[in-house]
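Rule-based calculations on the coordinates, nothing more; no lab input. Here the structure is a predicted model, which means the values were calculated and not measured. All Cβ positions, glycine included, derive from the backbone under ideal geometry; neighbour counts span all protein chains shown.
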């Protein structure tokens with residue numbers, strides 16, 4: 001059966017994107033994804049309270065990645081089918097409800113279910129990102145992507161710090177209750193201030209999903225960039241899944257201190273703005289090359305971090321900057337590829353992206369038990385090197401075509 005990838009005309013009620021609305025969208029994306037990262041500095045504490053083994057506790061991170069990947073696959077394409085403001089607000093409200101379920105979890109099974117469902121609907125962030133891009137003018141696309149993604153990334157990073165701090169005050173459940181309230185507030189603000197936006201694809205929901213996956217067959221650039229993205233997030237998650245156990249065990253840090261360690265990644269979030277500006281100037285290909293190379297090199301320092309905290313900090317700084325640079329470059333390439341099906345392109349790319357992240361988390365939870373920090377460092381370095389190899393292959397292919 002042949003699947004036709006149509007090109008519907010976008011219908012935006014209010015063109016343009018003011019600073020206030022852009023800031024709101026940036027904050028909204030950060031709060032939306034934050035719930036997927038609360039557990040990372042708390043794995044040791046949650047494991048003790050709910051009597052979970054190390055592998056089971058680490059699977060909380062995997063559950064978040066799997067749930068997010070499913071949401072990207074099943075929910076984000078709806079942005080090309082239904083009115084986007086209604087979709088975004090509905091997903092924000094559902095996320096608040098699932099955060100409450102997680103906060104009240106009496107055992108590991110309910111915790112995993114709540115985590116996965118929260119992640120499933122937190123893909124509202126990935127509805128908001130292309131929403132902002134659609135409202136922006138083409139010459140501002142890189143800056144807008146950088147601004148909204150900075151909010152998203154800061155949400156993930158500050159989530160670790162906030163969860164560690166609040167766990168000291170009221171236990172690990174506190175952060176989930178707090179975020180549920182904030183999500184309700186953000187949903188109300190988005191409903192009030194977002195302009196209605198409908199980009200009807202003229203397809204049924206099953207056909208919409210089929211056309212999303214068909215993009216991998218029709219768009220070779222999407223395939224290459226999805227591969228780079230999946231390996232980069234897998235490498236990134238290897239670090240953030242295992243570092244909690246290293247800091248709690250090798251260095252004897254508390255949950256609050258482990259949460260503060262997440263602030264090291266702020267450099268990566270802030271670098272997204274610079275990467276966005278460079279992308280607007282036409283340096284997307286070289287941003288990808290530099291980012292993937294730095295990602296691979298960062299694991300040399302991270303590996304040494306098992307014996308030296310300073311090496312660990314240096315490696316994590318480089319890893320975060322590299323990861324966010326690569327992600328920003330990938331998104332700029334894809335958002336310019338087929339503007340009329342931007343939600344489906346975003347869905348296809350991000351599904352592969354987070355599927356790679358889930359695989360990295362799952363492998364880490366197994367490898368940590370058998371091989372410790374050395375084993376996970378080899379794994380993370382190998383995955384990061386794979387991203388650089390894929391970029392070299394893409395560069396060689398593009399160079400051959402231009403000769």
ask   = Using mean Cβ contacts within 10 Å as the protection proxy, how do 337-350, 204-217, 248-261 order, highest first?
value = 337-350, 248-261, 204-217
query = Separation between the residue 310 and residue 143 pseudo-spin-labels, each 7 Å from Cα along Cα→Cβ, expressed in nm?
reply = 4.0
Listed residues 155, 305, 171, most fluctuating in the chain (Gaussian network, C-alpha, under 10 Å) = 171
ask   = Could you give the length gained on full extension between residue 181 and residue 254, defined as 0.36 nm per residue of separation minus the Cα-Cα distance, in nm?
value = 23.6 nm
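Å³ per residue of the Cα convex hull, for the chain?
Details: hull volume 52.1 nm³, N = 403.
Convex hull of Cα atoms, per residue: 129 Å³.
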ask   = Using a Gaussian network for the chain with springs between C-alpha atoms less than 10 Å apart, which of these wobbles most: 51, 85, 225?
value = 51
note = From DSSP H assignment alone, runs of 4+ in the chain each adding -39500 (n - 2.57), the sum over residues rounded to the nearest 500 puts [θ] at 222 nm at -27000 deg cm²/dmol
message = Running a GNM on the chain with Cα contacts under 10 Å, which residue among 105, 371, 180 ends up with the highest mean-square fluctuation?
response = 371
key: Projected label distance in nm at residue 216 and residue 400, using a 7 Å step from Cα toward the beta-carbon   = 2.3
query = Extent of the range 113-186 along each principal axis, from alpha carbon coordinates, in Å, largest to smallest?
reply = 47, 23, 21
